[in-house]
(Lines give C-alpha, C1' and ligand atoms only; values in the text may rest on other atoms or scores of the structure.)
Protein backbone atom coordinates (compact mmCIF):
# COMPACT_ATOMS: atom_id res chain seq x y z
CA UNK A 1 0.00 0.00 0.00
CA UNK A 2 1.49 3.32 -1.05
CA UNK A 3 -1.35 5.74 -0.29
CA UNK A 4 -2.65 5.86 3.29
CA UNK A 5 -5.13 8.72 3.32
CA UNK A 6 -8.19 9.38 1.20
CA UNK A 7 -9.36 13.01 1.20
CA UNK A 8 -12.93 12.52 0.04
CA UNK A 9 -14.77 15.21 -1.91
CA UNK A 10 -17.86 15.97 -3.96
CA UNK A 11 -19.04 19.17 -5.61
CA UNK A 12 -18.74 22.06 -3.15
CA UNK A 13 -15.88 20.71 -1.05
CA UNK A 14 -13.22 23.42 -0.93
CA UNK A 15 -10.66 22.58 1.77
CA UNK A 16 -9.25 19.45 0.16
CA UNK A 17 -5.91 20.95 -0.88
CA UNK A 18 -5.19 22.26 2.63
CA UNK A 19 -6.11 18.86 4.07
CA UNK A 20 -3.89 16.97 1.64
CA UNK A 21 -0.99 19.37 2.27
CA UNK A 22 -1.31 18.98 6.05
CA UNK A 23 -1.29 15.19 5.77
CA UNK A 24 1.70 15.20 3.43
CA UNK A 25 3.66 17.53 5.72
CA UNK A 26 3.06 15.08 8.56
CA UNK A 27 4.52 12.32 6.39
CA UNK A 28 1.19 10.69 5.46
CA UNK A 29 0.81 9.80 1.76
CA UNK A 30 -2.56 11.20 0.69
CA UNK A 31 -4.66 11.75 -2.39
CA UNK A 32 -7.85 13.65 -3.17
CA UNK A 33 -10.62 11.27 -4.24
CA UNK A 34 -14.06 12.10 -5.59
CA UNK A 35 -16.91 9.99 -4.22
CA UNK A 36 -17.63 8.72 -7.74
CA UNK A 37 -14.18 7.12 -7.79
CA UNK A 38 -15.21 4.94 -4.83
CA UNK A 39 -18.66 4.07 -6.14
CA UNK A 40 -17.51 2.85 -9.56
CA UNK A 41 -18.92 5.86 -11.41
CA UNK A 42 -15.59 6.98 -12.84
CA UNK A 43 -13.36 5.70 -15.66
CA UNK A 44 -11.72 2.42 -14.68
CA UNK A 45 -8.24 3.90 -14.40
CA UNK A 46 -9.51 6.44 -11.86
CA UNK A 47 -11.54 4.06 -9.72
CA UNK A 48 -10.51 3.43 -6.13
CA UNK A 49 -11.65 1.25 -3.24
CA UNK A 50 -12.06 2.47 0.32
CA UNK A 51 -10.11 -0.62 1.39
CA UNK A 52 -7.08 0.87 -0.41
CA UNK A 53 -6.75 3.33 2.49
CA UNK A 54 -6.25 3.41 6.24
CA UNK A 55 -7.34 7.01 6.81
CA UNK A 56 -10.49 8.70 5.49
CA UNK A 57 -10.73 12.46 5.84
CA UNK A 58 -13.82 14.54 5.04
CA UNK A 59 -12.66 18.15 4.62
CA UNK A 60 -14.59 21.37 4.93
CA UNK A 61 -16.63 23.28 2.40
CA UNK A 62 -20.23 23.41 1.28
CA UNK A 63 -20.83 19.94 -0.14
CA UNK A 64 -23.65 20.06 -2.70
CA UNK A 65 -24.15 23.70 -1.74
CA UNK A 66 -25.36 22.65 1.75
CA UNK A 67 -28.87 22.52 0.30
CA UNK A 68 -31.40 20.78 2.56
CA UNK A 69 -28.98 21.16 5.49
CA UNK A 70 -25.23 21.11 5.89
CA UNK A 71 -23.68 17.76 4.98
CA UNK A 72 -27.01 16.01 4.36
CA UNK A 73 -26.63 15.44 0.61
CA UNK A 74 -23.05 14.17 0.82
CA UNK A 75 -24.12 11.83 3.64
CA UNK A 76 -27.12 10.59 1.65
CA UNK A 77 -24.90 9.75 -1.31
CA UNK A 78 -22.50 7.84 0.94
CA UNK A 79 -25.38 5.97 2.57
CA UNK A 80 -26.85 4.92 -0.76
CA UNK A 81 -23.65 3.54 -2.29
CA UNK A 82 -20.83 3.23 0.22
CA UNK A 83 -22.19 2.79 3.73
CA UNK A 84 -21.33 -0.90 4.12
CA UNK A 85 -17.73 -0.14 3.16
CA UNK A 86 -17.60 2.78 5.60
CA UNK A 87 -18.95 0.63 8.45
CA UNK A 88 -16.36 -2.06 7.71
CA UNK A 89 -13.65 0.61 7.57
CA UNK A 90 -14.61 1.87 11.03
CA UNK A 91 -15.00 -1.63 12.45
CA UNK A 92 -11.47 -2.45 11.26
CA UNK A 93 -10.16 0.35 13.45
CA UNK A 94 -9.12 2.65 10.63
CA UNK A 95 -9.39 6.40 11.08
CA UNK A 96 -12.28 8.58 9.91
CA UNK A 97 -11.98 12.32 10.45
CA UNK A 98 -14.37 15.12 9.56
CA UNK A 99 -13.50 18.81 9.72
CA UNK A 100 -16.26 21.45 9.60
CA UNK A 101 -18.53 20.23 6.78
CA UNK A 102 -16.93 16.84 7.37
CA UNK A 103 -18.15 16.88 10.98
CA UNK A 104 -21.62 17.71 9.72
CA UNK A 105 -21.45 14.75 7.33
CA UNK A 106 -20.34 12.38 10.10
CA UNK A 107 -23.32 13.34 12.26
CA UNK A 108 -25.69 12.91 9.31
CA UNK A 109 -24.23 9.44 8.71
CA UNK A 110 -24.69 8.48 12.36
CA UNK A 111 -20.95 7.86 12.73
CA UNK A 112 -21.05 10.39 15.57
CA UNK A 113 -21.75 10.15 18.41
CA UNK A 114 -22.62 6.45 17.74
CA UNK A 115 -23.26 5.62 21.40
CA UNK A 116 -24.64 2.18 20.53
CA UNK A 117 -23.27 1.59 17.07
CA UNK A 118 -24.20 3.41 13.89
CA UNK A 119 -27.94 4.20 13.80
CA UNK A 120 -30.08 4.48 10.68
CA UNK A 121 -31.01 8.06 11.53
CA UNK A 122 -28.79 10.84 12.92
CA UNK A 123 -29.03 11.53 16.65
CA UNK A 124 -27.13 14.83 16.63
CA UNK A 125 -27.14 17.94 14.49
CA UNK A 126 -24.80 20.79 13.72
CA UNK A 127 -27.22 23.62 13.22
CA UNK A 128 -27.14 27.38 12.70
CA UNK A 129 -24.82 29.44 14.84
CA UNK A 130 -26.91 31.03 17.56
CA UNK A 131 -26.02 34.54 16.36
CA UNK A 132 -27.14 33.43 12.84
CA UNK A 133 -23.92 34.80 11.29
CA UNK A 134 -21.14 32.99 9.47
CA UNK A 135 -18.09 32.98 11.74
CA UNK A 136 -14.57 33.14 10.32
CA UNK A 137 -12.17 33.87 13.17
CA UNK A 138 -9.48 32.36 15.40
CA UNK A 139 -10.83 30.16 18.17
CA UNK A 140 -9.23 28.53 21.17
CA UNK A 141 -9.69 24.84 21.91
CA UNK A 142 -8.95 22.96 25.09
CA UNK A 143 -8.05 19.30 24.68
CA UNK A 144 -10.29 17.34 27.05
CA UNK A 145 -9.78 13.65 26.20
CA UNK A 146 -7.47 11.71 23.93
CA UNK A 147 -8.49 9.80 20.84
CA UNK A 148 -6.67 8.35 17.85
CA UNK A 149 -6.30 11.85 16.39
CA UNK A 150 -4.81 13.56 19.46
CA UNK A 151 -2.17 11.23 20.86
CA UNK A 152 0.48 13.96 20.80
CA UNK A 153 -1.75 16.66 22.25
CA UNK A 154 -1.53 17.09 26.00
CA UNK A 155 -4.65 16.90 28.14
CA UNK A 156 -5.60 20.48 28.94
CA UNK A 157 -3.45 21.86 26.13
CA UNK A 158 -4.90 24.95 24.45
CA UNK A 159 -4.67 25.29 20.68
CA UNK A 160 -5.48 28.31 18.55
CA UNK A 161 -7.42 26.92 15.57
CA UNK A 162 -9.60 28.99 13.19
CA UNK A 163 -13.28 28.39 12.52
CA UNK A 164 -15.21 29.15 9.33
CA UNK A 165 -18.82 28.03 9.47
CA UNK A 166 -22.42 29.12 9.63
CA UNK A 167 -23.81 25.86 11.04
CA UNK A 168 -21.55 24.68 13.84
CA UNK A 169 -23.76 24.54 16.92
CA UNK A 170 -23.87 20.96 18.20
CA UNK A 171 -27.23 19.97 19.62
CA UNK A 172 -29.30 16.90 20.38
CA UNK A 173 -32.51 18.87 20.53
CA UNK A 174 -34.75 17.85 23.42
CA UNK A 175 -32.19 15.20 24.42
CA UNK A 176 -29.36 17.66 25.09
CA UNK A 177 -29.09 16.88 28.80
CA UNK A 178 -29.23 13.09 28.39
CA UNK A 179 -26.83 12.96 25.47
CA UNK A 180 -24.38 15.38 27.06
CA UNK A 181 -24.25 13.19 30.15
CA UNK A 182 -23.39 10.21 27.97
CA UNK A 183 -20.71 12.11 26.07
CA UNK A 184 -19.08 13.18 29.32
CA UNK A 185 -19.26 9.72 30.89
CA UNK A 186 -17.81 8.10 27.77
CA UNK A 187 -15.08 10.75 27.51
CA UNK A 188 -16.13 11.37 23.91
CA UNK A 189 -15.67 15.14 24.11
CA UNK A 190 -12.26 15.78 22.58
CA UNK A 191 -12.18 19.57 22.20
CA UNK A 192 -14.11 22.39 23.87
CA UNK A 193 -14.02 26.06 22.99
CA UNK A 194 -12.25 28.10 25.65
CA UNK A 195 -10.62 31.45 26.35
CA UNK A 196 -6.92 31.96 25.52
CA UNK A 197 -5.90 31.07 29.08
CA UNK A 198 -7.82 27.77 28.92
CA UNK A 199 -10.70 28.88 31.12
CA UNK A 200 -14.20 27.96 30.02
CA UNK A 201 -15.96 29.80 27.21
CA UNK A 202 -19.23 29.34 29.16
CA UNK A 203 -21.26 29.41 25.97
CA UNK A 204 -20.37 33.07 25.44
CA UNK A 205 -19.58 34.58 22.05
CA UNK A 206 -16.93 35.07 20.69
CA UNK A 207 -15.04 32.41 22.68
CA UNK A 208 -17.75 29.94 21.73
CA UNK A 209 -18.34 31.12 18.14
CA UNK A 210 -21.58 29.20 17.61
CA UNK A 211 -22.86 28.69 21.20
CA UNK A 212 -22.51 24.93 20.83
CA UNK A 213 -23.76 22.74 23.67
CA UNK A 214 -21.25 22.64 26.56
CA UNK A 215 -18.77 24.58 24.37
CA UNK A 216 -18.20 21.41 22.35
CA UNK A 217 -15.92 21.84 19.35
CA UNK A 218 -15.13 18.19 18.62
CA UNK A 219 -16.27 14.69 19.61
CA UNK A 220 -15.27 11.12 18.84
CA UNK A 221 -17.07 7.78 18.73
CA UNK A 222 -16.84 5.35 21.69
CA UNK A 223 -14.10 3.39 19.91
CA UNK A 224 -12.14 6.67 19.49
CA UNK A 225 -11.23 6.18 15.83
CA UNK A 226 -13.85 8.56 14.37
CA UNK A 227 -13.49 12.27 15.12
CA UNK A 228 -15.50 15.29 14.05
CA UNK A 229 -14.54 18.88 14.83
CA UNK A 230 -15.68 22.26 13.53
CA UNK A 231 -12.38 24.24 13.68
CA UNK A 232 -9.81 23.80 10.88
CA UNK A 233 -6.41 22.47 12.06
CA UNK A 234 -5.30 22.05 8.44
CA UNK A 235 -5.24 25.84 8.11
CA UNK A 236 -2.59 26.36 10.80
CA UNK A 237 0.12 23.81 10.19
CA UNK A 238 2.80 26.53 10.09
CA UNK A 239 3.28 29.20 12.75
CA UNK A 240 2.88 32.06 10.32
CA UNK A 241 -0.72 30.89 9.78
CA UNK A 242 -1.66 31.42 13.44
CA UNK A 243 -3.34 34.75 14.15
CA UNK A 244 -0.73 35.75 16.77
CA UNK A 245 2.36 35.08 14.65
CA UNK A 246 3.49 38.71 14.76
CA UNK A 247 3.90 38.35 18.54
CA UNK A 248 5.17 34.77 18.68
CA UNK A 249 7.27 34.78 15.50
CA UNK A 250 6.65 33.33 12.04
CA UNK A 251 8.85 30.23 12.25
CA UNK A 252 8.01 26.78 13.45
CA UNK A 253 4.91 24.60 13.59
CA UNK A 254 1.42 26.05 13.79
CA UNK A 255 -1.02 24.86 16.41
CA UNK A 256 -2.74 22.51 13.96
CA UNK A 257 0.34 20.50 13.04
CA UNK A 258 0.25 18.36 16.19
CA UNK A 259 -3.17 17.07 15.09
CA UNK A 260 -1.71 15.61 11.89
CA UNK A 261 1.44 14.40 13.63
CA UNK A 262 -0.86 12.48 15.98
CA UNK A 263 -2.60 10.87 13.00
CA UNK A 264 0.77 9.88 11.54
CA UNK A 265 1.89 8.36 14.82
CA UNK A 266 -1.32 6.38 15.23
CA UNK A 267 -1.20 5.18 11.62
CA UNK A 268 2.08 3.36 12.34
CA UNK A 269 -0.06 0.71 14.06
CA UNK A 270 -1.64 -0.32 10.77
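Values as computed for the structure displayed
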quantity: Matching residues, segment 154-174, being closer than 20 Å to residue 123 by Cβ and either touching a residue at least 24 places away in the same chain (Cβ under 8 Å) or assigned to a strand (DSSP E or B) (or both); calculated: 167, 168, 169, 170, 171, 172, 173
quantity: Within segment 183-216, tally of residues that are buried (at least 16 other Cβ atoms within 10 Å of the Cβ), under 20 Å from the mean Cα position of the chain (by Cα) and not in a strand (DSSP E or B); calculated: 12
quantity: Failed condition for residue 69, given (1) more than 17 Å from the chain's Cα centre (by Cα); (2) modelled with pLDDT of 95 or more; (3) under 27 Å from residue 135 (Cα atoms); calculated: (2)
quantity: Extreme residue, surrounded by the most Cβ atoms within 10 Å (Cβ to Cβ), among residues of segment 221-270 that are part of a loop (DSSP other than H, G, I, E, B) and out of contact with any helix residue (DSSP H, G or I) (no Cβ under 9 Å at 6 or more places or on another chain); calculated: 231
quantity: Test result for residue 25, closer than 20 Å to residue 262 by Cβ, surrounded by fewer than 18 Cβ atoms within 10 Å (Cβ to Cβ) and touching a strand residue (DSSP E or B) at 6+ places or on another chain (Cβ under 9 Å); calculated: yes
quantity: Residues located in segment 11-25, provided they are farther than 16 Å from residue 63 by Cα and not in a helix (DSSP H, G or I); calculated: none
quantity: Matching option when the condition is assigned to a loop (DSSP other than H, G, I, E, B) and closer than 18 Å to residue 211 by Cβ, among 131, 145; calculated: 131
quantity: Residues of segment 26-40 satisfying the condition of being over 14 Å from residue 267 (Cβ atoms) and in a loop (DSSP other than H, G, I, E, B); calculated: 39, 40
quantity: For residue 139: the one exception among (1) outside any loop (DSSP other than H, G, I, E, B); (2) over 18 Å from the mean Cα position of the chain (by Cα); (3) buried (at least 17 other Cβ atoms within 10 Å of the Cβ); calculated: (2)
quantity: Conditions (1) in contact (Cβ under 8 Å) with a residue 12 or more places away in the chain; (2) closer than 23 Å to residue 260 by Cβ; number of the one not met by residue 92; calculated: (1)
quantity: Test result for residue 128, touching a helix residue (DSSP H, G or I) at 6+ places or on another chain (Cβ under 7 Å) and within 27 Å of residue 62 (Cα to Cα); calculated: no
quantity: Flag if residue 129 is touching a residue at least 24 places away in the same chain (Cβ under 8 Å) and either buried (at least 19 other Cβ atoms within 10 Å of the Cβ) or within 24 Å of residue 258 (Cα to Cα) (or both); calculated: yes
quantity: Any hit, segment 31-47, residues being under 30 Å from residue 254 (Cα atoms) and in contact (Cβ under 8 Å) with a residue 60 or more places away in the chain; calculated: no
quantity: Qualifying positions in segment 51-79 - in contact with a strand residue (DSSP E or B) (Cβ under 9 Å, 6 or more places away or on another chain), part of a helix (DSSP H, G or I) and surrounded by fewer than 19 Cβ atoms within 10 Å (Cβ to Cβ); calculated: 52
quantity: Qualifying residue in segment 100-115 (condition: in a loop (DSSP other than H, G, I, E, B), without any contact (Cβ under 8 Å) to a residue 60 or more places away in the chain, in contact with a strand residue (DSSP E or B) (Cβ under 6 Å, 6 or more places away or on another chain) and surrounded by 16 or more Cβ atoms within 10 Å (Cβ to Cβ)); calculated: no
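Yes or no, residue by residue, for (1) at positive phi; (2) in contact (Cβ under 8 Å) with a residue 60 or more places away in the chain:
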position	(1), (2)
217	no, yes
224	yes, yes
229	no, yes
237	no, yes
245	no, no
248	no, no
251	no, no
258	no, yes
266	no, yes
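The values are calculated or read from the model by the stated rules, or taken from the named source; none is laboratory data. Not measured: the values here are computed from a predicted model. As a convention, Cβ positions derive from the backbone with ideal geometry for all residues, glycine included, and neighbour counts pool all protein chains shown.
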